[in-house]
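Peer 1: Have a look at the structure that comes next, please.
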Amino acid sequence: MSVRVQHEDFDLGAEVAALRAGNRGVGAVTSFIGTVRDVSEGSSVSTMELEHYPGMTEKALARIEAAARERWQLLGVTIVHRVGLLQPLDQIVLVAVASPHRGEAFAACEFIMDYLKSEAPFWKKEATPEGARWVDARVSDDAALRRWGIESFNADPHEKQ
């Protein structure tokens, strides 16, 4: 398991190579990279600033990863989330999952990303021509999380609600 919060960019190839290194049981690796959009809610975005609470954020990401490991047979998980001032097209987040089979890898990657998108303790502020605005989780993000049987990150992620 690798969970990191960092200012620096990440390299997908290097992260996947590290995830697979020496593990002959890996039959599938899936990954997701989220990037900063140049348009959000109809306004152009010049920058996005991401803030977090050190210590609390890493613990939350580890809980998300642990919940995925309880649901699927996973051989490795990497979660990298950037913080600081980012520009459109910059990479924000990486979720990569290694598993013996593709179905588990796809499902776990999607689960982690859905969970992270709505419940991880990050605060995002977009700079637009209309001024700066904080970004909240969308209704669709909450619906994606509910389909996994989890209502809230504050609830135990191992129990179905």
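Peer 1: Of all the strands (runs of 3 or more DSSP E) wholly in segment 35-145, which have at least 3 residues that are farther than 22 Å from Asp11 by Cα, more than 12 Å from the chain's Cα centre (by Cα) and among the hydrophobic types (A, V, I, L, M, F, W, C)?
Peer 2: 131-135
Peer 1: Which members of segment 18-73 meet the condition of being touching a Cys at 6+ places or on another chain (Cβ under 6 Å) and crowded, with 18+ Cβ neighbours inside 10 Å?
Peer 2: Thr30
Peer 1: Is it fair to say Val16 is in a helix (DSSP H, G or I), of a type in the set (Val, Ile, Thr) and at pLDDT 95 or above?
Peer 2: Yes: the conditions hold for Val16.
Peer 1: Scan segment 36-89 residue by residue and report those that are hydroxyl-bearing (Ser, Thr, Tyr) and over 17 Å from Trp134 (Cα atoms).
Peer 2: Thr57, Thr78
Peer 1: Using the structure shown, decide if Thr57 is hydroxyl-bearing (Ser, Thr, Tyr) and at pLDDT below 95.
Peer 2: Here the answer is yes, as Thr57 does meet what is asked.
Peer 1: I need a count of the residues in segment 86-102 that are touching a residue at least 60 places away in the same chain (Cβ under 8 Å) and not basic (Lys, Arg).
Peer 2: Residues meeting the conditions: 11.
Peer 1: If I go through segment 16-52 residue by residue, how many of them are without any contact (Cβ under 8 Å) to a residue 60 or more places away in the chain, of a type in the set (A, V, I, L, M, F, W, C) and within 13 Å of Ile92 (Cα to Cα)?
Peer 2: Qualifying residue count, segment 16-52: 1.
The values are calculated or read from the model by the stated rules, or taken from the named source; none is laboratory data. All figures in this text were calculated on a predicted structure; none of them were measured in a lab. Don't worry about glycine lacking a Cβ; one is built from the backbone with ideal geometry, like all the others, and counts go over all protein chains shown.
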